[in-house]
1. Look through the stretch 1-53, keep the residues that are farther than 20 Å from ALA70 by Cα and of a type in the set (D, E, K, R), and return whichever of them is surrounded by the most Cβ atoms within 10 Å (Cβ to Cβ).
2. When the stretch 50-88 is examined, which residues are found to be free of Cβ contacts under 8 Å to residues at least 24 places away in the same chain, of a type in the set (Ser, Thr, Tyr) and within 16 Å of TYR100 (Cβ to Cβ)?
3. What is the residue count in the stretch 1-49 for residues that are among the hydroxyl-bearing types (Ser, Thr, Tyr) and without any contact (Cβ under 8 Å) to a residue 12 or more places away in the chain?
4. What's the total number of residues in the stretch 1-35 that are within 30 Å of GLU61 (Cα to Cα) and small (Gly, Ala, Ser)?
5. Which residues, counting only those in the stretch 78-99, are exposed (fewer than 14 other Cβ atoms within 10 Å of the Cβ) and not in a helix (DSSP H, G or I)?
Amino acid sequence: MKKFMLFLLGLIPFALGFIINAIMMKNQSFLLSYKLIDIMYILFWGFIGFKTCEFGKTSLESAIIANLPAFLTLLLNLYQENILGQYWLNIFGVATQFYYLPLINLSYFFTF
């Protein structure tokens, strides 16, 4: 049961990405503090990782299970972008983009 909970915690970025997108689309003149969202997200993710590191047999197993949705999303993104050349026009194409939406501003800052 704890391993399933870890996997579900790994799905939190989907919900957060959809919420951020809904806010951005509904209030296009409203400027969100994206750096604050990024920092809060990283701190929250670290807190979740710290609290759930003993849900598996080892800390490594817990980290792998919790980050499995991120890995699968990354594989789907790579497949859609590099092999297909376009994103799917369904929930899977949208969700794979929204998964990393909370961290877009932070990644842009590090890649100049």
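Each reported figure results from applying straightforward, stated rules to the coordinates on display, with no laboratory input. Everything quoted here is computed from the prediction, not taken from an experiment. Neighbour counts run over all protein chains shown; Cβ positions are idealised from the backbone, glycine included.
1. So the residue we want is LYS35.
2. TYR79, TYR87 - these are the residues of the stretch 50-88 that are free of Cβ contacts under 8 Å to residues at least 24 places away in the same chain, of a type in the set (Ser, Thr, Tyr) and within 16 Å of TYR100 (Cβ to Cβ).
3. Going residue by residue through the stretch 1-49, those that are among the hydroxyl-bearing types (Ser, Thr, Tyr) are 29, 33-34, 41.
The next check asks that each one be without any contact (Cβ under 8 Å) to a residue 12 or more places away in the chain; those that pass are 29, 33.
So the answer is 2.
4. Looking only at that region, the number is 3.
5. If we filter the stretch 78-99 for residues that are exposed (fewer than 14 other Cβ atoms within 10 Å of the Cβ), which is where we start, we get 78-79, 81-86, 89-92.
Across the stretch 78-99, the qualifying residues are GLY85, GLN86, LEU89, ASN90.
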